[in-house]
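As structure tokens, the structure follows; a few thoughts come after it.
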Amino acid sequence: NSPSDHWNLLSTMESQYDWVDPLGRQPPPEIQQIAKRDKKVLRYSDIMIQSISSTLCGAYVCLIGLGLCRGISLAEMYMSWFSWQPDHYKYNDALVNLSLAKLTHRKLQPFVDQDFLSSQLKKETEID
């Protein structure tokens with residue numbers, strides 16, 4: 001993304017909506033209107049987890065979106081994944097980069113784990 005671009009996420013998977021802005025900004029009025037129109041609670045955090053100078057907003061929302069898809073609440077991710085210590089932005093950037101690299105880099109985390117798949121298939125096809 002370019003310096004003028006910024007990624008956000010609106011998750012509509014559950015009975016409520018989750019707004020993610022790694023800079024901790026509240027949802028814009030049009031997003032609030034959508035939630036109101038759909039009669040959904042709109043949850044978001046005003047906690048800044050990304051530095052204003054970081055260009056990793058896309059990585060942050062992808063990782064958080066994956067967490068939401070896996071059933072991890074926004075609150076749980078913010079409280080357990082990210083650091084609140086002084087100069088925590090460097091830690092958070094590293095966490096996001098390493099987490100996504102593990103998920104997407106074939107050498108670190110293959111998309112299909114053949115050993116696991118073979119062992120599971122063997123278990124499922126065994127006859128009692």
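Structure data summary
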item: Search result, residues across region 37-49 that are farther than 23 Å from E76 by Cα and assigned to a loop (DSSP other than H, G, I, E, B); result: D38, K39
item: Test: residue in region 2-18 that is part of a loop (DSSP other than H, G, I, E, B), at positive phi, among the acidic types (D, E) and at pLDDT below 90; result: no
item: Positions within region 1-58 being β-branched (V, I, T) and either touching a helix residue (DSSP H, G or I) at 6+ places or on another chain (Cβ under 8 Å) or surrounded by 14 or more Cβ atoms within 10 Å (Cβ to Cβ) (or both), in sequence order; result: V20, I31, I34, V41, I47, I49, T55
item: Residue that is modelled with the lowest pLDDT [pool: residues in region 76-128 that are among the hydroxyl-bearing types (S, T, Y) and within 23 Å of V61 (Cβ to Cβ)]; result: T104
item: Residue count, region 55-85 (criterion: within 12 Å of L9 (Cβ to Cβ) and among the aromatic types (F, W, Y)); result: 1
item: Residue among I34, I52 that alone is within 14 Å of N8 (Cβ to Cβ) and either part of a helix (DSSP H, G or I) or free of Cβ contacts under 8 Å to residues at least 40 places away in the same chain (or both); result: I34
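The values are calculated or read from the model by the stated rules, or taken from the named source; none is laboratory data. What you see is a predicted model; the values in this text were computed from it and never measured. Every residue, glycine among them, receives a Cβ derived from its backbone with ideal geometry; neighbour counts consider all protein chains shown.
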